[in-house]
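Report on the following structure.
The values are calculated or read from the model by the stated rules, or taken from the named source; none is laboratory data. Since the model is a prediction, treat every value here as computed from it, not as a measurement. Virtual Cβ from ideal backbone geometry, glycine too; neighbours counted across all protein chains shown. What goes into the accessible areas is simple: the full protein's heavy atoms, side chains included, and nothing from ligands, DNA or RNA. Shrake-Rupley method; radii C 1.70, N 1.55, O 1.52, S 1.80 Å.
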Amino acid sequence: MAPRSKLQLLAFASGDFAFNLYWQSIMLFLLFYYTDALQLPIGVAATTYLVASVWDGIANFVAGVLVDRRRSSLRYGFLLVAGAVPLGFTFVLTYFPPAVTGAWAIASVLAAHLLFRTAYAGVNVPYLAMTARISADPGDRAFVAGARMLFGTAAAVTVALCTVPVGHWLTGSTAAQAYFGAAVLFAVTGSLILVLVGFCYREAVQPNAPLPVNLKSALLSLVRNRAFVTLNAAMMAMIVAITVLNKATLYYFKYVLSDPAGGQLALASMAIVSGISVPLWMLLGRFAGLRALWLIAAGLSVAGLLLFMALGFDQPASMQAFLVGMQVASIGLNFVFWAMLPNTIEYGERATGLHVEGTVFGLAALLQRIAIGIATAVLGWGFDRAGYVANARQSAATLAGMRATVAVVPLLFLLLSCVAMLANPLGRRHPRAAAP
């Protein structure tokens, strides 16, 4: 097949704008929506988020296994087209204010969240598997990874800047209704984009290696794939660190700095700087190598957290600058993960003789979701133990506990990510290092 043009690769990568309209909203606003719009206790809200994240991981893993089992007959483009509207509908349900109260309200938001996570897995995992088929060239794959992050960044800016003001403009109602109005807008936009990506998708790679005979063989092949194991261990530690920091932003600005609008501006600024930093990390990666790039980005993050612990950053402007710097470093970490993950497929195939494709992305998604759930639970339970009460003035002890959670947890997990990455065999000389 003829080499893919950059325009074709960009068209495919645009699907990440749609997925990130959903994903960034869930990551940045859903917990805050639960606690400060629906008035759910933060410990309960964090627990429901943990349950949904773990279920999301299981659903992603099952979807990945099914992709591997049916990869010769699956029509990936058709899956995107068929799943686009149901995915958007379940996203709207996630922000639909419950008509009941008490335990039934908690059950209804959890059920809607679980439906969305199931639909997201059913559409997103095939899209991720498509990144290994869009081109066989590692340079193209790195380009797609960077382009996807640029589209994801654009979606994050859209979500951060538009969720509250546009939601209020559309509904002219309460905070809960504003979130719902924004969700409808994002769902319509995301559905249209995914339909177009599905219609335009064409495969460039058809795997020839034999399929694992069963799930046990697939999992054992991944256990023996040192590149996959160490990369995902580093990813999980990084995700916990970054998620705690990002999810704490709205709370920190509202209750510690008494500047709620500053929190939304911080999220938007973090997203905007992501778009600038992605090509810089891509360029640096060509010279430093992907594994070294991870250590550089993690080292910068650790330095930033140590500075935060020393100086406190008790003004909105200084806190925003700190978060922007941390976002630049986290973009480098995410770029390395997504650029290296497709290469672990070939590494594992040379090491085990089995080509495990969908299971790679499904298991990676499972581990990612577990890490997000752990981070959300740690944040929510930590704030709850500190005495956090939504929409109330927090005590000095509560504020100190919130600061400690924001600083210490990310620092420890970033250090763990460096330990895992040092054991990764990829990136020493070439992104596709030879298997032992």
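Each stretch of four or more DSSP H residues adds -39500 (n - 2.57); spread over every residue of the chain, this sum gives -27000 deg cm²/dmol at 222 nm. Couplings 3J(HN,Hα) for region 402-407, derived from phi with the Karplus relation 6.51 cos²θ - 1.76 cosθ + 1.60 (θ = phi - 60°), are 5, 4, 4, 4, 5, 8 Hz, where x marks Gly and Pro. The convex hull built on the alpha-carbon positions of region 240-352 has an orientation-averaged projected area of 7.9 nm².
Could you list the residues of region 327-363 with an amide nitrogen less than 11 Å from a label point located 7 Å from the Cα of ILE276 in the Cα-to-C-beta direction? Zone members listed by number: 328.
Kirkwood radius for region 83-145, taken over all pairs of different Cα atoms as the inverse mean of 1/r, rounds to 13.7 Å. Take every pair of alpha-carbon atoms less than 8 Å apart whose residues are at least six positions apart; their mean separation over the length of the chain yields a relative contact order of 29 percent. Take the convex hull of the alpha carbons in region 309-352; its mean projected area over all directions comes to 4.3 nm². In this Cβ point-charge picture (+1 for Lys and Arg, -1 for Asp and Glu), the chain has a dipole of about 920 debye about its Cα centre. When the chain is described by a simple charge dipole with +1 on each Lys and Arg Cβ and -1 on each Asp and Glu Cβ, the residue from SER269, MET402, MET282 located farthest towards its positive end is MET282.
By the compact-protein rule of thumb, 2.2 N^0.38 Å, the alpha-carbon radius of gyration of region 68-187 corresponds to a ratio of 1.30. Quick one: angle between helix 175-200 and the longest Cα principal axis of the chain, in degrees between 0 and 90, rounded to 10, please. Long axis of 175-200 versus the principal axis of the chain: about 10 degrees. Within region 1-123, the proportion of C-alpha pairs whose separation exceeds 24 Å stands at 37%. Element breakdown for the chain at a 1.4 angstrom probe: carbon and sulfur atoms account for 70% of the accessible area. A simple count of charges around VAL256, restricted to other residues whose Cβ falls under 15 Å of its Cβ and scoring Lys, Arg +1 and Asp, Glu -1, yields +1. Computed across region 281-436, the Kirkwood hydrodynamic radius from all distinct Cα-Cα pairs reaches 17.8 Å.
Looking at region 226-305, I'd like the Rg to Rh ratio, where Rg is from alpha-carbon atoms and Rh is Kirkwood's inverse mean 1/r. Let's see the in-between values first.
Details: Rg = 15.3 Å, Rh = 14.6 Å.
Ratio of gyration radius to Kirkwood radius for region 226-305: 1.05.
On a per residue basis, the chain carries 38 Å² of accessible surface, using protein heavy atoms and a 1.4 Å probe.
Taking a ≥ b ≥ c as the square roots of the Cα gyration tensor eigenvalues, with a/c under 1.5 meaning rounded and otherwise prolate when a/b beats b/c, else oblate, which class fits region 350-425?
Cα axes put region 350-425 in the oblate bin.
This model, with +1 at the C-beta of Lys and Arg and -1 at the C-beta of Asp and Glu, gives region 109-206 a dipole about its Cα centre of some 80 debye. Computed from phi, the 3J(HN,Hα) profile of region 225-230 under the Karplus parametrisation 6.51, -1.76, 1.60 (θ = phi - 60°) reads 8, 4, 4, 5, 4, 6 Hz, with x in place of Gly and Pro.
Ranking LEU267, LEU295 by solvent-accessible area of protein heavy atoms (1.4 Å probe, all protein chains present), from largest to smallest, gives LEU295, LEU267. Our coupling estimate for region 297-305, obtained by passing each phi through the Karplus curve with A = 6.51, B = -1.76, C = 1.60 and θ = phi - 60°, is 5, 5, x, 5, 5, 4, 4, x, 5 Hz, Gly and Pro reported as x. Across all Cα atoms of region 281-328, the radius of gyration (one decimal) and Dmax (whole number) stand at 12.9, 38 Å. Using every alpha carbon pair in region 39-109, what percent of pairs falls into each 5 Å bin from 0 up to the bin containing the largest distance? So the P(r) values, bin by bin, are 3, 12, 15, 21, 17, 12, 9, 7, 4, 1.
Taking 37 °C and 0.692 mPa s as conditions, region 142-275 diffuses translationally at an estimated 176 µm²/s according to Stokes-Einstein applied to its Kirkwood radius (Cα pairs).
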